[in-house]
Amino acid sequence: MQTFLWGALPYIAAAILVTGLVWRYRYDKFGWTTRSSESYERRILNIASPMFHYGLLFVLAGHLMGLFVPSSWTYALGLHEHGYNLLSLFAGTAAGVLAVVGILMLIYRRRTTPAVFLATTRNDKLMYLVLLTAIVMGLVAKLTHAGLAKGYDYRATIAPWARSLFLLQPKTGLMAQAPIPFQIHAVIGMLLFALLPFTRLVHMFSAPIHYLFRPYIVYRSRDPHGLSEAPVRRGWERIGS
C-alpha cells in the first residue's frame, strides 16, 4: 500500500490529468469552459467568486513554496524555521479559510437559485465535494500539527518526497512518516488532479497567454465633425455615372 499510494498513485493521477486534458481539448473544445451562470445571479457571485479564486490562488502558491522551495533557500533569505512556521500557519490558514468560505457561498448560491441549481450537473457536485474536502483536510492537517512555537516540519518529509517524484525516484518512506491527516490530504489532492480535466475546473489551464503576442488592435474614434463620412443627402442617390 505504501508503494501504491506514494510511488504509483502520483504517476497515475498525472497520467490521467495529461491524457484527460488532451482528450478534452481534441474532442470537447466547446465544453472547455466554466459554464458561467452570471446571467442568472450576480449579487452573491460577485462576492463569492473573488474569495474562492484568490483563496485558491494563495493556497496553490503556498503549496508550491512549501513543496518545491528547499529550506536551505529560505534560510539563505533570512527566513528561518520559526518565521516560516508562523508564515505558513497564519497565511496558509487565512488562504484556506478564504477559499472554503468562497466555496460554501458558491454552493449556497447554486442550491438557492433555481436557474443555477438546474444547470448544476452531477459532475459539478462531485467537483465541489472533492475540492472542498481537499482544502478542509489541508486545514485540519495544518491546525492539528502546528503551534506558535513549533509546528510539524513537512519540508523534511513531504517536500523531499514531492520533489523525488520529478526525478522518477519516489522516496515513499518519507511520505509514509508524515502524520495521517497530511497523508489523507495528499491522496485527496491527487484524486482532485485526476478529476480536473473532466470538470469545469479545466478552465484554469486556459490562461490567455496568446494575448501577449497578438498584433495590436487599433481603435479609431468617429470624426466628431463628420469629415470622414459623406454628408447625408435627402432624396434618391444616383447609381452609376
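Placing +1 on the Cβ of each Lys and Arg and -1 on the Cβ of each Asp and Glu in the chain, which of Gly138, Tyr75, Ala99 has its Cα farthest towards the positive end of the resulting dipole? Working it through, the farthest residue towards the positive pole turns out to be Ala99. Residues within the reach of a label modelled at His80 (point 7 angstrom out along Cα to beta-carbon, backbone nitrogen below 20 Å), restricted to the range 141-179, are 147-156.
Rounded to the nearest 10 degrees, the inclination of helix 9-27 to the longest alpha-carbon principal axis of the chain is 10 degrees. Each Lys or Arg adds one and each Asp or Glu takes one away; over the other residues whose Cβ falls under 13 Å from the Cβ of Arg163, this sums to +2.
The magnitude of the dipole of the chain, with charges of +1 and -1 set on the Cβ of Lys/Arg and Asp/Glu and taken from the Cα centre, is near 700 debye. Only helices enter the 222 nm calculation for the chain: every DSSP H run of n ≥ 4 contributes -39,500 (n - 2.57), and dividing by all residues gives -19000 deg cm²/dmol, rounded to 500. In percent, rounded to a whole number, the relative contact order of the chain is 31, using alpha-carbon pairs under 8 Å and six or more apart.
All of the numbers you see were taken from the coordinates with simple rules; none came from a lab. Keep in mind that this is a model prediction, so the values were computed, not measured. FYI the Cβ positions are ideal-geometry reconstructions off the backbone, even for glycines, and counts take in every protein chain you see.
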